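K.L.:
One structure coming up, written as C-alpha coordinates, with questions to follow.
The values are calculated or read from the model by the stated rules, or taken from the named source; none is laboratory data. Here the structure is a predicted model, which means the values were calculated and not measured. Please note: Cβ atoms are built from the backbone with ideal geometry, for glycine as well, and neighbour counts cover all protein chains shown. These area figures cover heavy atoms from the full protein model, side chains too; ligands, DNA and RNA do not enter into them. Shrake-Rupley method; radii C 1.70, N 1.55, O 1.52, S 1.80 Å.
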Amino acid sequence: GQRAGWAWGSSSQSNSRVCCACPDPSSGSQQRAGLVAPAERHLSAERMERVGFRGVVVALLVAAAAAECPNACSGHGNCGDYDMCTCFRNFVGGDCSERVCPFDRAFADNPKGDLDGNEDVSAPTNTMIVGSQIFPYGTTEEFPAMTDSKGSVLSNTAHEYAECSAKGLCDRKSGECQCFTGYEGSACQRTTCPNDCNGHGTCESIRELAAGDASQIYSIWNADRIYGCKCDPGYHGSACEDRSCPVGVDPLYTDSGDVSVHVTTVTFAIFDAFCQEHLKVEPYYLRRQLLSEDQDFIEESASDEAAFATAQ
(Lines give C-alpha, C1' and ligand atoms only; values in the text may rest on other atoms or scores of the structure.)
Protein backbone atom coordinates (compact mmCIF):
# COMPACT_ATOMS: atom_id res chain seq x y z
CA GLY A 1 0.00 0.00 0.00
CA GLN A 2 3.01 2.29 -0.05
CA ARG A 3 3.88 4.49 -2.98
CA ALA A 4 7.51 4.14 -3.84
CA GLY A 5 9.44 6.74 -5.80
CA TRP A 6 12.61 5.97 -7.70
CA ALA A 7 15.48 8.43 -8.09
CA TRP A 8 18.75 8.03 -9.89
CA GLY A 9 21.58 8.06 -7.42
CA SER A 10 25.04 9.53 -7.70
CA SER A 11 26.93 6.58 -6.27
CA SER A 12 29.94 4.94 -7.82
CA GLN A 13 27.69 2.49 -9.56
CA SER A 14 26.27 4.04 -12.66
CA ASN A 15 22.56 4.10 -13.20
CA SER A 16 21.90 2.79 -9.71
CA ARG A 17 18.44 3.34 -8.36
CA VAL A 18 17.40 4.13 -4.82
CA CYS A 19 13.97 3.37 -3.48
CA CYS A 20 12.65 6.15 -1.30
CA ALA A 21 10.30 3.74 0.50
CA CYS A 22 12.73 0.86 0.98
CA PRO A 23 14.04 0.05 4.44
CA ASP A 24 17.49 1.32 5.35
CA PRO A 25 19.78 -1.69 5.52
CA SER A 26 22.10 -0.04 8.04
CA SER A 27 19.33 0.53 10.51
CA GLY A 28 16.87 -1.99 11.54
CA SER A 29 13.99 0.39 11.25
CA GLN A 30 11.76 0.96 8.30
CA GLN A 31 10.69 4.49 7.16
CA ARG A 32 7.54 5.19 5.34
CA ALA A 33 7.68 7.16 2.14
CA GLY A 34 7.38 10.93 2.59
CA LEU A 35 8.43 10.94 6.27
CA VAL A 36 11.48 12.94 7.37
CA ALA A 37 13.44 12.40 10.51
CA PRO A 38 13.23 15.11 13.24
CA ALA A 39 16.89 16.07 12.77
CA GLU A 40 16.35 16.52 9.07
CA ARG A 41 13.25 18.64 9.76
CA HIS A 42 15.34 20.92 12.01
CA LEU A 43 17.99 21.37 9.34
CA SER A 44 15.34 22.11 6.75
CA ALA A 45 13.81 24.82 8.96
CA GLU A 46 17.19 26.49 9.49
CA ARG A 47 17.90 26.31 5.76
CA MET A 48 14.52 27.91 5.00
CA GLU A 49 15.13 30.70 7.54
CA ARG A 50 18.49 31.48 5.93
CA VAL A 51 16.92 31.58 2.48
CA GLY A 52 14.07 33.80 3.68
CA PHE A 53 16.49 36.24 5.39
CA ARG A 54 18.53 36.52 2.22
CA GLY A 55 15.35 37.25 0.26
CA VAL A 56 14.39 40.03 2.65
CA VAL A 57 17.86 41.59 2.37
CA VAL A 58 17.76 41.46 -1.43
CA ALA A 59 14.29 43.04 -1.46
CA LEU A 60 15.45 45.85 0.83
CA LEU A 61 18.50 46.48 -1.35
CA VAL A 62 16.34 46.67 -4.46
CA ALA A 63 13.93 49.07 -2.76
CA ALA A 64 16.81 51.25 -1.58
CA ALA A 65 18.31 51.31 -5.06
CA ALA A 66 14.99 52.40 -6.56
CA ALA A 67 14.49 55.24 -4.02
CA GLU A 68 18.00 56.50 -3.39
CA CYS A 69 17.28 60.03 -4.77
CA PRO A 70 14.60 62.21 -3.14
CA ASN A 71 11.19 61.59 -4.66
CA ALA A 72 12.89 59.76 -7.54
CA CYS A 73 13.75 63.25 -8.90
CA SER A 74 10.01 63.76 -9.49
CA GLY A 75 10.41 62.30 -12.96
CA HIS A 76 12.18 65.50 -14.06
CA GLY A 77 15.81 64.46 -13.66
CA ASN A 78 18.39 61.71 -13.40
CA CYS A 79 19.65 60.21 -10.14
CA GLY A 80 23.44 60.34 -9.98
CA ASP A 81 26.33 60.05 -7.56
CA TYR A 82 25.84 60.86 -3.88
CA ASP A 83 22.10 60.40 -4.33
CA MET A 84 21.81 63.78 -6.05
CA CYS A 85 19.38 64.67 -8.82
CA THR A 86 20.53 66.21 -12.06
CA CYS A 87 17.41 68.05 -13.18
CA PHE A 88 16.22 68.34 -16.72
CA ARG A 89 16.05 71.73 -18.40
CA ASN A 90 13.74 74.26 -16.69
CA PHE A 91 13.43 72.20 -13.49
CA VAL A 92 15.19 72.90 -10.19
CA GLY A 93 15.13 71.84 -6.57
CA GLY A 94 16.57 68.98 -4.58
CA ASP A 95 14.01 66.62 -6.10
CA CYS A 96 13.55 68.54 -9.42
CA SER A 97 9.95 69.35 -8.48
CA GLU A 98 10.21 73.11 -9.04
CA ARG A 99 9.96 75.03 -12.32
CA VAL A 100 12.20 77.75 -13.76
CA CYS A 101 10.47 80.96 -14.89
CA PRO A 102 11.25 82.93 -18.09
CA PHE A 103 14.24 85.28 -18.21
CA ASP A 104 14.73 88.71 -19.79
CA ARG A 105 16.79 91.87 -19.30
CA ALA A 106 16.58 93.07 -15.72
CA PHE A 107 15.16 96.53 -15.11
CA ALA A 108 17.47 96.76 -12.10
CA ASP A 109 20.36 94.40 -11.28
CA ASN A 110 20.44 92.85 -7.81
CA PRO A 111 23.75 91.70 -6.28
CA LYS A 112 23.33 88.15 -4.98
CA GLY A 113 25.67 88.40 -2.03
CA ASP A 114 27.85 85.69 -0.46
CA LEU A 115 26.78 82.63 -2.46
CA ASP A 116 29.58 80.28 -1.35
CA GLY A 117 29.40 81.22 2.35
CA ASN A 118 33.04 82.25 2.73
CA GLU A 119 32.07 85.56 4.38
CA ASP A 120 33.37 87.51 1.41
CA VAL A 121 31.74 88.93 -1.71
CA SER A 122 33.92 88.17 -4.70
CA ALA A 123 34.63 90.52 -7.59
CA PRO A 124 32.14 90.80 -10.47
CA THR A 125 34.56 88.91 -12.72
CA ASN A 126 34.49 85.77 -10.52
CA THR A 127 31.89 83.32 -11.81
CA MET A 128 29.96 81.23 -9.29
CA ILE A 129 27.43 78.36 -9.46
CA VAL A 130 28.20 77.14 -12.96
CA GLY A 131 25.90 74.52 -14.45
CA SER A 132 22.67 75.16 -12.54
CA GLN A 133 19.38 75.38 -14.39
CA ILE A 134 18.82 78.98 -13.33
CA PHE A 135 22.42 80.04 -14.03
CA PRO A 136 23.74 77.57 -16.65
CA TYR A 137 26.71 79.84 -17.41
CA GLY A 138 27.23 80.85 -13.82
CA THR A 139 26.57 84.09 -11.99
CA THR A 140 28.41 86.57 -9.79
CA GLU A 141 28.09 87.72 -6.20
CA GLU A 142 28.44 91.42 -7.04
CA PHE A 143 26.82 93.34 -9.86
CA PRO A 144 27.42 91.48 -13.13
CA ALA A 145 30.41 92.29 -15.31
CA MET A 146 29.10 91.99 -18.86
CA THR A 147 31.36 91.04 -21.74
CA ASP A 148 31.39 91.63 -25.45
CA SER A 149 31.45 88.98 -28.18
CA LYS A 150 35.22 88.57 -27.70
CA GLY A 151 34.88 87.95 -23.99
CA SER A 152 36.34 91.30 -22.95
CA VAL A 153 34.88 92.69 -19.73
CA LEU A 154 32.95 95.91 -20.28
CA SER A 155 32.77 98.75 -17.78
CA ASN A 156 29.66 100.64 -16.65
CA THR A 157 27.23 97.93 -17.72
CA ALA A 158 23.94 96.75 -16.31
CA HIS A 159 20.65 94.99 -17.08
CA GLU A 160 21.82 91.38 -17.05
CA TYR A 161 19.32 88.63 -17.81
CA ALA A 162 17.28 87.81 -14.73
CA GLU A 163 14.37 85.57 -13.86
CA CYS A 164 11.12 87.53 -14.32
CA SER A 165 13.31 90.52 -15.29
CA ALA A 166 13.81 91.16 -11.55
CA LYS A 167 10.32 92.69 -11.55
CA GLY A 168 8.31 89.70 -10.36
CA LEU A 169 8.30 86.51 -8.30
CA CYS A 170 8.51 83.04 -9.80
CA ASP A 171 5.73 80.58 -9.04
CA ARG A 172 7.80 77.38 -8.79
CA LYS A 173 4.78 75.15 -9.19
CA SER A 174 3.57 76.57 -12.50
CA GLY A 175 6.76 78.17 -13.82
CA GLU A 176 4.94 81.49 -14.36
CA CYS A 177 6.02 84.94 -13.24
CA GLN A 178 3.85 86.86 -10.79
CA CYS A 179 4.67 90.40 -11.94
CA PHE A 180 4.82 93.42 -9.67
CA THR A 181 2.28 96.21 -10.18
CA GLY A 182 3.05 98.15 -13.34
CA TYR A 183 4.75 95.29 -15.20
CA GLU A 184 3.44 92.58 -17.47
CA GLY A 185 4.53 89.91 -19.96
CA SER A 186 5.61 86.29 -19.61
CA ALA A 187 8.88 87.49 -18.04
CA CYS A 188 7.55 90.80 -16.65
CA GLN A 189 9.67 92.35 -19.40
CA ARG A 190 7.58 95.46 -20.13
CA THR A 191 5.70 98.16 -18.32
CA THR A 192 1.95 98.50 -18.47
CA CYS A 193 0.04 101.48 -19.83
CA PRO A 194 -1.88 103.25 -17.06
CA ASN A 195 -5.49 102.11 -16.99
CA ASP A 196 -5.13 100.78 -20.55
CA CYS A 197 -5.26 104.37 -21.83
CA ASN A 198 -8.92 104.54 -20.73
CA GLY A 199 -10.05 103.34 -24.12
CA HIS A 200 -9.00 106.64 -25.74
CA GLY A 201 -5.59 105.66 -27.10
CA THR A 202 -3.17 102.88 -27.99
CA CYS A 203 -0.44 101.40 -25.81
CA GLU A 204 2.86 101.63 -27.70
CA SER A 205 6.54 101.17 -26.92
CA ILE A 206 8.83 104.14 -26.51
CA ARG A 207 10.48 103.17 -29.80
CA GLU A 208 7.12 103.45 -31.59
CA LEU A 209 6.24 106.70 -29.84
CA ALA A 210 9.57 108.22 -30.85
CA ALA A 211 9.14 107.11 -34.45
CA GLY A 212 5.72 108.76 -34.54
CA ASP A 213 7.17 112.04 -33.25
CA ALA A 214 9.05 113.50 -36.23
CA SER A 215 10.57 110.06 -37.01
CA GLN A 216 12.94 110.15 -34.04
CA ILE A 217 15.06 107.05 -33.29
CA TYR A 218 15.12 105.49 -29.81
CA SER A 219 17.15 102.30 -29.68
CA ILE A 220 18.68 101.78 -26.23
CA TRP A 221 18.08 98.72 -24.05
CA ASN A 222 14.54 99.61 -22.94
CA ALA A 223 13.21 100.66 -26.38
CA ASP A 224 10.75 97.76 -26.40
CA ARG A 225 10.21 97.57 -22.64
CA ILE A 226 8.89 100.98 -21.67
CA TYR A 227 5.32 101.55 -22.88
CA GLY A 228 3.09 104.61 -22.93
CA CYS A 229 -0.22 105.87 -24.30
CA LYS A 230 -0.65 107.46 -27.70
CA CYS A 231 -3.91 109.33 -27.23
CA ASP A 232 -6.67 109.68 -29.78
CA PRO A 233 -7.42 113.19 -31.13
CA GLY A 234 -9.21 115.25 -28.52
CA TYR A 235 -7.61 113.48 -25.54
CA HIS A 236 -4.39 113.98 -23.64
CA GLY A 237 -2.67 112.97 -20.40
CA SER A 238 -0.50 110.03 -19.36
CA ALA A 239 -3.55 107.77 -19.47
CA CYS A 240 -5.55 109.75 -22.08
CA GLU A 241 -7.92 110.62 -19.27
CA ASP A 242 -8.32 114.34 -20.07
CA ARG A 243 -10.28 116.02 -22.85
CA SER A 244 -8.66 118.61 -25.08
CA CYS A 245 -10.71 121.78 -25.64
CA PRO A 246 -10.65 123.77 -28.91
CA VAL A 247 -7.82 126.28 -29.26
CA GLY A 248 -7.35 129.45 -31.30
CA VAL A 249 -5.20 132.53 -31.65
CA ASP A 250 -5.48 135.09 -28.88
CA PRO A 251 -7.02 138.22 -30.48
CA LEU A 252 -4.96 140.37 -28.11
CA TYR A 253 -1.72 138.81 -29.22
CA THR A 254 1.07 141.43 -29.22
CA ASP A 255 4.24 141.14 -31.25
CA SER A 256 7.19 142.06 -29.09
CA GLY A 257 9.09 143.34 -32.09
CA ASP A 258 7.16 146.41 -33.23
CA VAL A 259 4.66 146.54 -30.36
CA SER A 260 1.78 146.36 -32.79
CA VAL A 261 -1.43 144.51 -32.43
CA HIS A 262 -2.07 141.94 -35.15
CA VAL A 263 -5.72 141.58 -35.91
CA THR A 264 -6.53 137.99 -36.69
CA THR A 265 -9.74 136.75 -38.17
CA VAL A 266 -11.10 134.23 -35.70
CA THR A 267 -13.94 131.88 -36.48
CA PHE A 268 -15.92 130.95 -33.42
CA ALA A 269 -17.72 127.64 -33.25
CA ILE A 270 -20.21 126.22 -30.84
CA PHE A 271 -19.71 122.71 -29.43
CA ASP A 272 -21.95 120.52 -27.36
CA ALA A 273 -21.67 120.18 -23.61
CA PHE A 274 -18.99 117.48 -23.94
CA CYS A 275 -16.84 119.39 -26.46
CA GLN A 276 -17.18 116.46 -28.82
CA GLU A 277 -19.33 117.72 -31.69
CA HIS A 278 -19.38 120.98 -33.57
CA LEU A 279 -22.97 122.23 -33.69
CA LYS A 280 -23.89 123.40 -37.16
CA VAL A 281 -27.25 124.76 -35.95
CA GLU A 282 -27.28 127.03 -32.91
CA PRO A 283 -29.45 125.98 -29.97
CA TYR A 284 -32.94 127.50 -29.89
CA TYR A 285 -32.30 129.73 -26.91
CA LEU A 286 -29.17 131.15 -28.50
CA ARG A 287 -30.90 131.70 -31.87
CA ARG A 288 -33.74 133.50 -30.09
CA GLN A 289 -31.28 135.73 -28.26
CA LEU A 290 -29.44 136.59 -31.46
CA LEU A 291 -32.70 137.39 -33.28
CA SER A 292 -33.83 139.59 -30.40
CA GLU A 293 -30.58 141.51 -30.44
CA ASP A 294 -30.84 141.93 -34.21
CA GLN A 295 -34.42 143.32 -33.84
CA ASP A 296 -33.32 145.75 -31.15
CA PHE A 297 -30.49 146.89 -33.39
CA ILE A 298 -32.87 147.41 -36.33
CA GLU A 299 -35.31 149.42 -34.21
CA GLU A 300 -32.53 151.49 -32.70
CA SER A 301 -31.08 152.21 -36.13
CA ALA A 302 -34.51 153.29 -37.48
CA SER A 303 -35.03 155.59 -34.49
CA ASP A 304 -31.63 157.19 -35.02
CA GLU A 305 -32.36 157.73 -38.72
CA ALA A 306 -35.73 159.36 -37.94
CA ALA A 307 -34.13 161.69 -35.39
CA PHE A 308 -31.47 162.67 -37.89
CA ALA A 309 -34.08 163.40 -40.57
CA THR A 310 -36.08 165.59 -38.16
CA ALA A 311 -32.97 167.53 -37.31
CA GLN A 312 -32.36 168.25 -40.97
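K.L.:
Scanning region 102-131 for residues that are of a type in the set (Gly, Ala, Ser) and surrounded by 14 or more Cβ atoms within 10 Å (Cβ to Cβ), which turns out farthest from Ala187 (Cα to Cα)?
P.N.:
Ser122
K.L.:
Hey, another quick one. For a quick check of your reading of the model, give me the residue pairs whose first member lies in region 236-251 and is farther than 24 Å from Thr192 by Cβ, whose second is of a type in the set (Ser, Thr, Tyr), with beta-carbon atoms closer than 6 Å and at least 6 apart or on different chains.
P.N.:
Val249/Thr264
K.L.:
State yes or no: is Cys170 outside any loop (DSSP other than H, G, I, E, B), at pLDDT 85 or above and not small (Gly, Ala, Ser)?
P.N.:
Answer is yes for this residue.
K.L.:
Within the bounds of region 163-175, is there any residue that is in contact with a strand residue (DSSP E or B) (Cβ under 8 Å, 6 or more places away or on another chain) and of a type in the set (S, T, N, Q)? Spell out how you get there, then give the answer.
P.N.:
Residues of region 163-175 that are in contact with a strand residue (DSSP E or B) (Cβ under 8 Å, 6 or more places away or on another chain), as a first pass: 163-165, 167-175.
The next check asks that each one be of a type in the set (S, T, N, Q); those that pass are 165, 174.
Yes; the residues of region 163-175 include at least one that is in contact with a strand residue (DSSP E or B) (Cβ under 8 Å, 6 or more places away or on another chain) and of a type in the set (S, T, N, Q).
K.L.:
Something else: For region 78-164, list the strands (runs of 3 or more DSSP E) that sit wholly inside it and hold at least 1 residues that are among the charged types (D, E, K, R); which are they?
P.N.:
Qualifying strands (runs of 3 or more DSSP E): 103-105, 161-163.
K.L.:
Looking only at region 228-247, count how many residues are assigned to a loop (DSSP other than H, G, I, E, B) and among the hydrophobic types (A, V, I, L, M, F, W, C).
P.N.:
4
K.L.:
Identify all residues within region 132-186 that are open to solvent by 70 Å² or more (accessible area, probe 1.4 Å), closer than 20 Å to Gly113 by Cβ and of a type in the set (Ser, Thr, Tyr); write none if there are none.
P.N.:
Tyr137, Tyr161
Condition check ((1) open to solvent by 60 Å² or more (accessible area, probe 1.4 Å); (2) closer than 27 Å to Gln189 by Cβ; (3) at pLDDT 95 or above; (4) in contact with a helix residue (DSSP H, G or I) (Cβ under 7 Å, 6 or more places away or on another chain)) across all residues:
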{"position": "Ser205", "(1), (2), (3), (4)": "no, yes, yes, no"}
{"position": "Ala214", "(1), (2), (3), (4)": "yes, no, no, no"}
{"position": "Pro233", "(1), (2), (3), (4)": "yes, no, no, no"}
{"position": "His236", "(1), (2), (3), (4)": "yes, no, no, no"}
{"position": "Ser244", "(1), (2), (3), (4)": "no, no, no, no"}
{"position": "Val249", "(1), (2), (3), (4)": "yes, no, no, no"}
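K.L.:
Just to be sure, is Arg225 surrounded by 13 or more Cβ atoms within 10 Å (Cβ to Cβ) and part of a loop (DSSP other than H, G, I, E, B)? Lay out the reasoning, then the answer.
P.N.:
On the way: surrounded by 13 or more Cβ atoms within 10 Å (Cβ to Cβ): yes; part of a loop (DSSP other than H, G, I, E, B): yes.
Here the answer is yes, as Arg225 does meet what is asked.
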